[in-house]
Amino acid sequence: MSSVSMAPAQNSQTLFPRLSSLSSGRVLFLLDLIAVLVATPLILWGGGRAGFVPHAMTFVLYPPANLLLLFAMGLYRRDAMIALRRAMARVPLVVGMGVTVAVIGTLALNAVAGWPLPQPVEWGDLAAQSALAIAMFSLAAMLARGVFHLLVRQGLLHRRLLVVGAGARAWELLHMLGKEGSRLNDDVVFLHDAGFGECDPRLLADTRVRVVEGVSILQAARSADAEQVVVAPDERRGMDLERLLACKTAGYPVVQYLSFVEKEIRRVDLKRMDLSWLLYSDGFQFSLIDRSLKRVFDVLVSLFVLALMSPFLAMAMLAIRFEGPGPVLYRQTRITRDGAPFQIMKLRTMRVDAEAGGAVWARKNDDRITAVGRFLRRARIDELPQLFNILKGEMSFVGPRPERPEFVAQLSREIPLYNERHMVKAGLTGWAQINYPYGASVDDARSKLSYDLYYVKNFTIVFDFVILLQTLRVVLWPSGVR
C-alpha cells in the first residue's frame, strides 16, 4: 500500500481558524450581513443626493428582511453556493422580495398609529428609495458571493479532517461530503490500519485522497492539523479506545461516524444505521410543552396562510368546476401520528376515474392529471385544503408527508424504521419535502425517510420555523413536482 507524507498542514487556512470551523452557508451569511450593514447607510446617503427623504422605518426593516429572504429562497444552500452564476441571476429577484417585505412592514407599522417611528409615507420617495435599495442590496449580495468564492479558491475556508479508517464506510463518507457536506471543500486525511479491514480501492485510486498508515491516531491528527477526528472504520472490534481518548484529551474533537454524518448532512444514514447509536444518542424526546407550542404554531400559521391564500383557493375551486364534471375536493385516507388514519382534503387534480383499478404511485408526466390540475400541482395550490386538516388537529404544518395505508403497509415491510416517522403528526410541508424531489417509489421513500428521521429526532419549534421559511423556495422554484 502506498502512503502519503504527512508534513504538518501549515497552509494559509490556519490564518482563519474561526472561519474554517463554520459551515460554508454561515460564512456566506456573515459576508452578506457585513455587506448589508455597509449598503444601508449608502442608501441613506444616496437618497439625500437624489433629493428624496428616506423613510426611517424601512431602514430598520431592510437588513433583516433582506437576509431573511436570502435564507428563505435557499441562497445559503450548497447547490446555490456552487452554482455561482445561477445564484447571481436570482439575487435581484430575491432582494426585490426582501425590499417588498420591508415596505409592507413599514406600511403596516405606520397603520398602527405610526408605531414605533412615526413618519408620514411619501409614496414617490418610498418608490425611489425601494429602487435604490434593490440596486444597492443586489450589488452587496453579489460582492459578498464574489468574496466568498475567492476565499474558497484560496483555500481559506477548507476544514481539515482526519478519518480513522479507509474502507467502504470511509469512501461513502468522502462521497457524501462532496455531494451534501456543509462545507464546499474539506481537506481529508484517511488513517488506515490492517485491523480496520481492507482499504477501499477507490480511495487508493483517487489521486486527490491522502491515505496514511503506520502512525498513531494522535500523530496523524497532529500532522494533519486536524480540526476534527471522525471514527469510521469498517471493522470496529479491536479499536484502541485509549488512543482515541488520548487524541481527545490532546484537544482534537473525536466524533463517531453516524453522529458526524447526521450533523454534517442533516439526515440519518440508513445504509450504515446502527440501532445502538440511535438508541443512545440524543433525540426523539417530545415534552408536553413541545407539543403545545407546536399546536399553537400550527393554528396561527394555518390561519394566516388561509387568510392570505383564500382568494387563490376560491379561484382554483372555480377553475376545477368549469373544467368538467366531478367533485372539486378530493378526500383520501392517509396515516398520521401513531398510525392513525384520517381523511386528507385536497383539490382534485386528476380525472374522476384516475384510480379505478386501485391505488398506484404517481408517475412522471402522469396522464391522469387534468390541465387545471397540472397547474395547481405546480403552484402547490392543490394542497391548501389541508389547512383545514391542520386546524382540526389531524395534521401539523411541518412534519413527514402523510402516506396512504396501502403504501404504509408495503413500506413498513420493506424499509426498517419506517413506522418511526409516525411519532409526530403528518405535515403539509417537511424536512424531506424541501430537501428531496418528489418521490413515488420504495427507493424514494427510503431516501425521504432519512430526512424524516432526522426531523423527528431533532424536532424544535425553531426547526419548524426554518422549514416553513425554506418552503417558500420550493413553492416559487418547484422541482420534481408530479
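Here, each number is a calculation from the coordinates, and none is a lab measurement. Small disclaimer: the values here were computed from a predicted structure and weren't measured. Here the Cβ positions follow ideal geometry from the backbone for every residue, glycine too, while neighbour counts run over all protein chains shown.
Of note:
- Taking the DSSP bridge list for the chain and keeping only pairs wholly inside it, about 30 percent are antiparallel.
- Of the residues His158, Leu244, Val209, the one whose Cα sits farthest towards the positive end of the charge dipole of the stretch 157-265 is His158 (charges of +1 on Lys and Arg Cβ, -1 on Asp and Glu Cβ, taken about the Cα centre).
- Trypsin sites (Lys or Arg not before Pro) restricted to the stretch 173-218 and DSSP loop, no more than 13 other C-beta within 10 Å: Arg208
- Distance (nanometres) between label positions extended 7 Å along Cα→Cβ at Leu308 and Ala340: 2.8 nm
- Sorted fewest first by neighbouring Cβ atoms within 10 angstrom, Met315, Met97, Met73 come out as Met315, Met97, Met73.
- In plain terms, the residue of Asp290, Asp298, Asp79 with the fewest other Cβ atoms within 10 Å comes first and the most crowded comes last, giving Asp79, Asp290, Asp298.
- Largest to smallest principal axis extent of the C-alpha atoms in the chain, angstrom: 73, 70, 43
- Counting only whole DSSP H helices of the chain, the ones at least 20 Å long by C-alpha along their axis and with mean Kyte-Doolittle hydropathy no lower than -1.0 are 24-50, 56-72, 84-111, 123-153, 288-323, 442-457, 461-476.
- All C-alpha to C-alpha distances of the stretch 157-265, sorted into 10 Å bins beginning at zero, yield P(r) values of 15, 53, 30, 2 percent in whole numbers.
- Burial ordering of Lys392, Lys248, fewest other beta-carbon atoms within 10 Å first: Lys392, Lys248
- MRE, 222 nm, helices only [DSSP H, n ≥ 4, -39500 (n - 2.57), over the chain, to nearest 500]: -17500 deg cm²/dmol
- Estimated distance in nm for a label pair at Val215 and Lys179, the labels positioned 7 Å out from Cα along Cα-to-Cβ: 3.1 nm
- Taking Cα centre as origin and charging only the Cβ of basic (Lys, Arg, +1) and acidic (Asp, Glu, -1) residues, the dipole magnitude of the chain rounds to 880 debye.
- Extended-chain gain in nm, criterion 0.36 nm per residue less alpha-carbon gap, Leu84 and Glu122: 9.9 nm
- Above-threshold pairs, the threshold being 20 Å between Cα atoms, out of Lys346/Lys392; Lys179/Lys263; Lys294/Lys392; Lys179/Lys425: Lys179/Lys425
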